[in-house]
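The block underneath contains the structure these notes are about, expressed in structure tokens.
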Amino acid sequence: MNHEQVREFLDAYIDTELDVVTTLHFENHVSECAECRAIVEQYQQLHACVKAQFPRFDLPVRLEDKIRTQLRSAQYDQRARTARRDWLPRWRAWSLAASVGIVIAVGALLLQTTNRQSRSQLLAEQAVSDHIRSLMANHLTDVPSTDQHTVKPWFSGKLDFAPVVKDLSVAGFVLAGGRLDYLDDRPVAALVYKRRQHSINVFVWPSTASDSGLRTTTIKGYNVVHWTQSHMTYWAVSDLNAVELQEFAHDLEK
Amino acid sequence: MIGTWSDPEAELIKNANSQQVRDALEELPLEYREILILRELEDLSYKEIAQIIEKPLGTVMSRLSRARRELYGRLAGGTTERVI
């Protein structure tokens, strides 16, 4: 992790919203960098002081309406609502109820999960694990090159398909190379792109599924975008923020 | 120290009272105010905030970060957020 990433993850770190791996990288850097350590310590102090003085504040009406709408659609459990009403301010109860409602709704959705979705989740987790391993083992590329005409032919003879390798440097995503990886019980192509200090792994292999739009998820703090196009399935994984990763996927998909 | 608040600015922020925090919050754009309330007052997780404001997790992270810097910048006597 570098200085910019420490600043980028600073809020998520003090909110303990980073996954274990990123937290370790963050703390390793901070323990060795006096400048970043001073920034983190000062920011933690400021945050604690301001949070302690945070006034009771009514939620904006628009937001409270949204929470109410979610509540209705989630069919919030009346018992939980009654139990909490006595000791919580009303709108605070609403927001907590929304959280409970969301959990119930997600639970209901999970119950309806098809085998395909379970498999999809499993693949997403495998893709994230492969992404982390590629960074930890310092084995990001077998063929380090920014030239698509070097990376694409390198896969020839190593895989039973030819992955599409695009030059996206104009959009700010620089090709760093490619490597062989193993996912879904088969060898796959892993294309590596860079955005600032972030690495993006794109795992590609043939699929019989029909084309699908971009689907985004977050696992262990990593963003994952998945899509299927022209009988190829794509899984892009990175610690880059979700918006930019979606831009990347969109550019690759074009 | 480069890229963070000076000692006098940090003291102003640390010593801000509840009314000053309230005044600074009221000056913030609505989207900053609401995310700060959901996090600092409600202690909701990023995931819960993302579901409530209907934005991706990445947006929650970046918006909360900008909102805090803007708030602290105002408490330090400035009117704009500090990039650190």
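Find the residue count for the stretch A:197-216, including only residues that are buried (at least 17 other Cβ atoms within 10 Å of the Cβ) and either charged (D, E, K, R) or closer than 15 Å to residue B:56 by Cα (or both).
The qualifying residues number 1.
Within the stretch A:201-210, can one find any residue that is over 23 Å from the mean Cα position of the chain (by Cα), in a helix (DSSP H, G or I) and farther than 20 Å from residue A:238 by Cα?
Within the stretch A:201-210, none of the residues are over 23 Å from the mean Cα position of the chain (by Cα), in a helix (DSSP H, G or I) and farther than 20 Å from residue A:238 by Cα.
What do you reckon, is residue A:217 touching a residue at least 24 places away in the same chain (Cβ under 8 Å) and touching a helix residue (DSSP H, G or I) at 6+ places or on another chain (Cβ under 8 Å)?
Against the criterion (touching a residue at least 24 places away in the same chain (Cβ under 8 Å) and touching a helix residue (DSSP H, G or I) at 6+ places or on another chain (Cβ under 8 Å)), residue A:217 qualifies.
Of everything in the stretch B:11-26, what is more than 7 Å from every other protein chain (Cβ to nearest Cβ) and within 23 Å of residue A:45 (Cβ to Cβ)? Give them in sequence order.
Scanning the stretch B:11-26 gives B:11, B:12, B:15, B:19, B:20, B:23, B:24.
Can you go through A:210, A:238, A:169 and tell me which one is assigned by TED's automatic domain parsing to the domain that holds residue A:137, at pLDDT below 90 and of a type outside the set (A, V, I, L, M, F, W, C)?
A:210
Going through A:73, A:31 one at a time, which residue ends up being in a helix (DSSP H, G or I) and at pLDDT below 80?
On inspection, the qualifying residue turns out to be A:73.
Looking only at residues that are more than 7 Å from chain A (Cβ to nearest Cβ) and farther than 19 Å from residue A:48 by Cα in the stretch B:33-62, which one is surrounded by the fewest Cβ atoms within 10 Å (Cβ to Cβ)?
Among those that are more than 7 Å from chain A (Cβ to nearest Cβ) and farther than 19 Å from residue A:48 by Cα, it is B:54.
Counting only residues that are facing chain B (nearest Cβ under 8 Å) and not in a loop (DSSP other than H, G, I, E, B), which one in the stretch A:9-22 is nearest to residue A:34 (Cα to Cα)?
Ranking the qualifying residues of the stretch A:9-22, first place goes to A:10.
Within the stretch A:159-185, track down each residue that is touching a Pro at 6+ places or on another chain (Cβ under 7 Å) and over 19 Å from residue A:130 (Cβ atoms).
none
Out of the stretch A:197-225, which residues are more than 14 Å from chain B (Cβ to nearest Cβ) and not aliphatic (A, V, I, L, M)?
If the condition is that a residue be more than 14 Å from chain B (Cβ to nearest Cβ) and not aliphatic (A, V, I, L, M), then A:197, A:199, A:201, A:203, A:205, A:206, A:207, A:208, A:210, A:211, A:212, A:213 are the ones that fit.
Take the conditions within 13 Å of chain B (Cβ to nearest Cβ) and either part of a strand (DSSP E or B) or aromatic (Phe, Trp, Tyr) (or both) and apply them to residue A:228. Does it pass?
In short, no.
What pairs come out if I take residues in the stretch B:14-25 that are more than 16 Å from residue A:48 (Cβ to Cβ) and pair them with residues that are assigned to a helix (DSSP H, G or I) whose C-beta lies under 6 Å away, six or more apart or interchain?
B:24/B:71; B:24/B:74; B:24/B:75; B:25/B:33
The values are calculated or read from the model by the stated rules, or taken from the named source; none is laboratory data. This structure is a prediction, so every number in the text was calculated from the model and none was measured. Positions of Cβ are generated from backbone atoms using ideal geometry, with glycine treated the same way; all protein chains shown enter the neighbour counts.
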